[in-house]
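Read the structure below first, then the notes.
The values are calculated or read from the model by the stated rules, or taken from the named source; none is laboratory data. All values derive from a computational prediction rather than experimental measurement. FYI the Cβ positions are ideal-geometry reconstructions off the backbone, even for glycines, and counts take in every protein chain you see. Quick note on the areas: whole protein, heavy atoms, side chains included, nothing else; ligands and nucleic acids left out. Shrake-Rupley method; radii C 1.70, N 1.55, O 1.52, S 1.80 Å.
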Amino acid sequence: MSSITSPDGPEPQRARSAQRARGGVGSDVDVVVLGAGPAGLGAARALARTGRSVTVLEREAGVGGLAASFEVAGIRVDHGSHRLHPNTDPAVLADLQALLAGDLQLRPRHGRIRMAGGFVPFPPSPIGVARNVAPTVTARLARDLLTAPLRRGQVDDTFAARVGHALGPTMLEAFYGPMVTKLFGLPPELLHGELARRRVSARRPSDLVRKALRRGPQGNVFWYPRRGYGQIADVLADAAVDAGARIECNAPAQRVDFARDDVRVVVDGNELRAGAVWSTIPLPVLARLAGGPVVDLRFRALVLLYLVVDVGRWSEFDAHYLPERSTPIVRMSEPRNYRTSADDPEGHTVLCVEWPCWVDDDVWNADPGALVAQLLPTLAAQGLHVPPPVEVVVRRLPAAYPCYDIGYDARLREVESWVHPLAPQLISFGRNGLFAHDNGHHALAMARDAVACYDPDGSFNVTRWQAARRGFASHVVED
Ligand SMILES: Cc1cc2nc3c(=O)[nH]c(=O)nc-3n(C[C@H](O)[C@H](O)[C@H](O)COP(=O)(O)OP(=O)(O)OC[C@H]3O[C@@H](n4cnc5c(N)ncnc54)[C@H](O)[C@@H]3O)c2cc1C
């Protein structure tokens, strides 16, 4: 177990945290937070600000979770393409603006997606498609738009049926279907309809048109910190420590036991006693550690390849979305294009490749060089010519995307009906803590809402927490 340090070397912000977070586990605290991603850090900071003693236990060597950043060849990179979306709750955004000061930049979105043999601005709209792909596809989209009112009645609760019903067969076949097949390793017919509700905000083709036309005067924009998306977690960690929280890295929770008056978390063979445990680790993992039901809720994994190439800038685009079957990856981003930063060195750039897989399958276990050799010709076939990289760095994320296969909902309910009655001793929230696809700003809003469940007398209002949880189910994810 260690205090906060970066796996890639000391950084000023983290060094400050390290000083204040040093020390072993062993003392009683009001709350133990499991996981130092945005949800855990946001909660730790807010709890500490109410005067509660808080210890955060993080399995990895640094903070940030899925939303962390680190350095490759002197360039800050994220775990795949990350943006702070403009629909972030205004209070959460104002807080981050204050914490990040001038480092939070408003940026124009400039990505593109491969569809029907052409490239279309991302997110795809019928207008963008009409301008960039074959007239036959445009004609089919126009037909889907006109026939939308005729698509009535009940549909199966699968991703394929829901998206096909809402947006028509062309968007399903050209974009959403192939994308989810690669992302989840299952065809859209075998994925639950809830995935469509959570990930596809448009309910009819006209919503896509309206959305494209409604983009404000600044166009399609996003927020991004100058030092990578993970700068959000870094400043939250420092703010949490400044408020009195302790953050222990390399400290995986190994067991959670319930006693009459407290909850005990075992880490490194030591027992930490807490009034409550707030968990943001994957819900099925929490169930295993805390004696809950063992159910088959799977996560799709990601192998991330960071290709260092000897060109100052590889393309003008921030990200390429690649749903087509002809390449195994789903997205390739160029981190330096997400921000303006004098820190980014000249002369070379990094491309971040997102390759979905299952933990322990052939891709997960493959040699990175072999993956790159397989990948580059598939990109070239799409007109994306990547020079041979001078360096390849790999990161493997075991729990990137909760897999909503058919029947997952009953299995999830089983774990939920175990965990929910354990409040206030144990609560679970955050993206994987809910087994949801939520964005980082959702995770931060959940942390805020959880802390707001304390009544003035210091007791945790379980009824309010239940209501907040129900509200989290309405989150719609942005890519
Ligand atoms: C490829 C990809 C792209 C994304 N793009 C965006 C985007 O553009 N915009 C956006 O807003 N969001 C995006 N997200 C989502 C964003 O990363 C998450 O919403 C956010 O990280 C969730 O924060 P969290 O704290 O809930 O969970 P996490 O970040 O998953 O943090 C959980 C923490 O728990 C730790 N942990 C696990 N097990 C244990 C244990 N036993 N003991 C102690 N610690 C443990 C983990 O190491 C991790 O640090 C993306 C996600 C992915 C995978």
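In table form, for the structure just shown:
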| quantity | calculated |
| --- | --- |
| Tabulated pairs, the range 176-189, first of a type in the set (D, E, K, R), second part of a helix (DSSP H, G or I), C-beta under 8 angstrom, 6+ apart or interchain | E189/F159; E189/A160; E189/A161 |
| Selected residue (only one of Q105, Q97 is within 21 Å of the chain's Cα centre (by Cα), open to solvent by 40 Å² or more (accessible area, probe 1.4 Å) and closer than 30 Å to E316 by Cα) | Q97 |
| Residue count, the range 410-438 (criterion: open to solvent by 10 Å² or more (accessible area, probe 1.4 Å), among the hydrophobic types (A, V, I, L, M, F, W, C), farther than 20 Å from V263 by Cα and in a loop (DSSP other than H, G, I, E, B)) | 1 |
| G40 vs. criteria part of a helix (DSSP H, G or I) and either in contact (Cβ under 8 Å) with a residue 60 or more places away in the chain or of a type outside the set (S, T, Y) (or both) | yes |
| Selection status of I113, touching a helix residue (DSSP H, G or I) at 6+ places or on another chain (Cβ under 9 Å), under 24 Å from H442 (Cβ atoms) and in contact (Cβ under 8 Å) with a residue 24 or more places away in the chain | yes |
| Which listed residue is within 15 Å of the ligand (Cβ to nearest atom) and either among the polar types (S, T, N, Q) or crowded, with 19+ Cβ neighbours inside 10 Å (or both), from G128, G80 | G80 |
| Any hit, the range 53-71, residues being over 20 Å from N250 (Cβ atoms), touching a Phe, Trp or Tyr at 6+ places or on another chain (Cβ under 9 Å), not hydroxyl-bearing (S, T, Y) and not in a strand (DSSP E or B) | no |
| Among the residues listed as R448, R396, the single one being part of a strand (DSSP E or B), open to solvent by 50 Å² or more (accessible area, probe 1.4 Å), charged (D, E, K, R) and modelled with pLDDT of 95 or more | R396 |
| Any hit, the range 269-277, residues being touching a helix residue (DSSP H, G or I) at 6+ places or on another chain (Cβ under 7 Å) and assigned by TED's automatic domain parsing to the domain that holds W465 | no |
